[in-house]
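These notes are about the structure you will find just below.
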Amino acid sequence: MKSTMQESPLLISRILQAGTQLHAEQEVVTWTAEGARRTSFAEVGTQAAQLANALRGLGIDGDQRVATFMWNNAEHLVAYLAVPSMGAVLHALNIRLFPEQIIYVTSHAQNTVVIVDNSLAEPFSRLLPHLVTLRHVIVNGPIPPEVRAALEAAPQIEAVHDWDTLLGAQPTTFDWPLLDERDASSMCYTSGTTGNPKGVVYSHRSNYLHTMQVTMGMGFNQGDRLLAVVPMFHANAWGLPYAALMVGASLIMPDRFLQAEPLAKMIEAEKITGGAAVPTIWTDLLRYLDEHPTDTSTLRRVVVGGSACPPSLMRAYQDRHDIEVIHAWGMTEMSPLGSTAVAPLEATGDRHWFYRETQGRIASTLEARLVGPDGAEVPNDGESVGELEVRGPWITGSYYDNGSNSEAERADAASKFDDGWLRTGDVGSLTANGFLRLTDRAKDVIKSGGEWISSVDLENALMAHPDVLEASVVGVPDERWGERPLATVVRATDSLVDAAELKEFLSGKIVGWQVPERWAFIDEVPKTSVGKFDKKVLRKRYAEGELKVEVLD
Ligand code: ADP
């Protein structure tokens, strides 16, 4: 029997139209050197129509790729809505990638138009001569004449436009087309720690369903004021932009002001109620809040993900600032949200914290399974460990290949899928009620004497010491055991804590044979372009003898 239900495609243009009409009075606040700049959702809707008209005029009449090179701000939100809604494909360039990677992804995605923030126009102008597929540059905000001249000098560029002038000359309505919900809406490249970055192409449908999950999983509501620290150029800002439009929550966009002090000011001045960022941002902010009295009373709940959140950080926010930190897990390939750690209501005390410290419960629309090294499925008993595989409507089924990918790249891309499941490269356990506890990335797991040691467990245990600011643990070659953990530690200011004391601190928390013998104190843990501990760099520094390592018995 067929259903009697109507079929209407799940399109970004629905999020745009509903959000800007039903929640017209909500706003996007962009932080600037002079303070807050306010744009109502109604104005966002008008600008989206103007941008779509402008892009049509520049030749975007199908699924051409429109790139952005921008911070989180109102204009970036306009592009997020207008570009997919008109049938084109949004490609938010990660401004922190290495120049050669930006050149690669721009050409691989065949971007033709780019929108650039004025604060990034000068560095962008140096890349532009190499971005050979681009034809038009739209600059958001005023730029000095010499930067404009540098942009115009790139031989492939037909014209450089000013956002306000270009949009100001356009009609304020646009006839959003009825697209196929399976069509591409946007794309994103993984940061590619090995080889070229790999492209993921999202659809309208995948984005729509993902947005609904974000609002449920992160618990966002009408009237919330969300601080979107996680960049729009990285994994869709975890879905916050579309989620805010869908539920009618205002967005507070930090633009380039990502340091703890301005973030604290935004929380106080803009009465923030929620937000999302990687652990390093919350760590810096915690230190600031501890030292500078700030009114955070409106802030109930923040989401942290992208890398493992140290339990000590969650507890500190809860105990000292009455802010609930919700741990979330995902990846670019998953749009990105896979799980959020909201404890079951009946769990109290230690059980409550057990759940909160996991990476969260897998979203019910997704399926997850664990696969052991022999390829056999591992039980979901909360203890057995395997590589996590996922499938579902907002999980990629392949990587984007524009025909130029090499044989080796194709083979590498194919190896990330297992009979219709995405191999996440993350290793951990699953409880029977779907809570995921990651112990490592497959490539970071430490293999000592044939057993696995979780670098994440060691890091969390170390970061619970009051004198430890940050700790990163990597596997290093060992003659006897194959590999052993090396603990690299950043001490808190003025602390003189030493390796022996930290080793002692770990006893009772970590099984004896897993406790590291090798210790190094460093000034800062190296981070990747998206703020994760860069273990590749640490391993290299160790291999090249750059670290001063102390070995304890
Ligand atoms: P990349 O860093 O490769 O560009 P992503 O930013 O999409 O890609 O990162 C996805 C990876 O980040 C996951 O596979 C996982 O290893 C890690 N990650 C994300 N959230 C968490 C979390 N809460 N705890 C531990 N690791 C996480």
About its Cα centre, region 365-443 carries a charge dipole, from +1 on Lys and Arg Cβ atoms and -1 on Asp and Glu Cβ atoms, whose size in debye to the nearest 20 is 220 debye
In whole angstrom, the spacing between the Cα centers of region 55-133 and region 324-372 equals 33 Å
For 425-432, 111-118, ranked highest to lowest by mean beta-carbon neighbours within 10 Å, the order is 111-118, 425-432
Placing each pseudo-label 7 Å from Cα in the direction of the beta carbon, ASP418 and TRP353 end up separated by a distance in nanometres of 3.3 nm
Expressed in nanometres to one decimal, the distance between label points 7 Å along Cα→Cβ at ARG182 and THR365 is 1.7 nm
Filtering GluC sites (Glu not before Pro) in region 513-553 by DSSP loop and by at most 13 other Cβ atoms within 10 Å leaves GLU524, GLU544, GLU546
per DSSP, antiparallel bridges as share of beta bridges in region 446-551, % nearest 5, sits at 75 percent
Rounded to the nearest Å, the spacing of the alpha-carbon centers of region 409-435 and region 484-529 is 31 Å
Sparse-neighbourhood loop hits (GluC sites (Glu not before Pro), region 315-358; DSSP loop; Cβ within 10 Å at most 15 others) -> GLU346
Given the candidates GLN26, ALA432, HIS204, the one whose Cα lies deepest towards the positive end of the charge dipole of the chain, counting +1 at each Lys or Arg C-beta and -1 at each Asp or Glu C-beta, is HIS204
What one gets for the chain as the Kirkwood radius, inverse of mean 1/r over different Cα pairs in Å, is 24.6 Å
Per-residue ellipticity at 222 nm attributable to helices in the chain (runs of n ≥ 4 DSSP H, -39500 (n - 2.57) apiece, nearest 500 deg cm²/dmol) works out to -9000 deg cm²/dmol
One checks the Cα atoms of region 460-553 and finds Rg and Dmax, in Å, of 12.8, 37
Output for region 1-103: trypsin sites (Lys or Arg not before Pro) sitting in coil per DSSP, at most 15 other Cβ within 10 Å, listed by number, reads LYS2
Once both label points are put 7 Å beyond Cα along the C-beta direction, the SER495-GLN318 separation in nm becomes 2.1 nm
Of all DSSP beta bridges with both partners in the chain, the antiparallel percent, nearest 5, is 55 percent
Given unit charges at Cβ for Lys, Arg (+) and Asp, Glu (-), the dipole magnitude of the chain about its Cα centre in debye, nearest 20, is 660 debye
If every Lys and Arg gets +1 and every Asp and Glu gets -1 at its Cβ, then about the Cα centre region 55-161 yields a dipole, in debye to the nearest 20, of 100 debye
Rg (one decimal) and Dmax (whole number) from the Cα set of region 365-443, in Å, equal 13.8, 44
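Computed from the coordinates by the stated procedures, all read-outs in this text should not be read as laboratory data. Keep in mind that what you see is a predicted model, and the values were worked out from it rather than measured. As a convention, Cβ positions derive from the backbone with ideal geometry for all residues, glycine included, and neighbour counts pool all protein chains shown.
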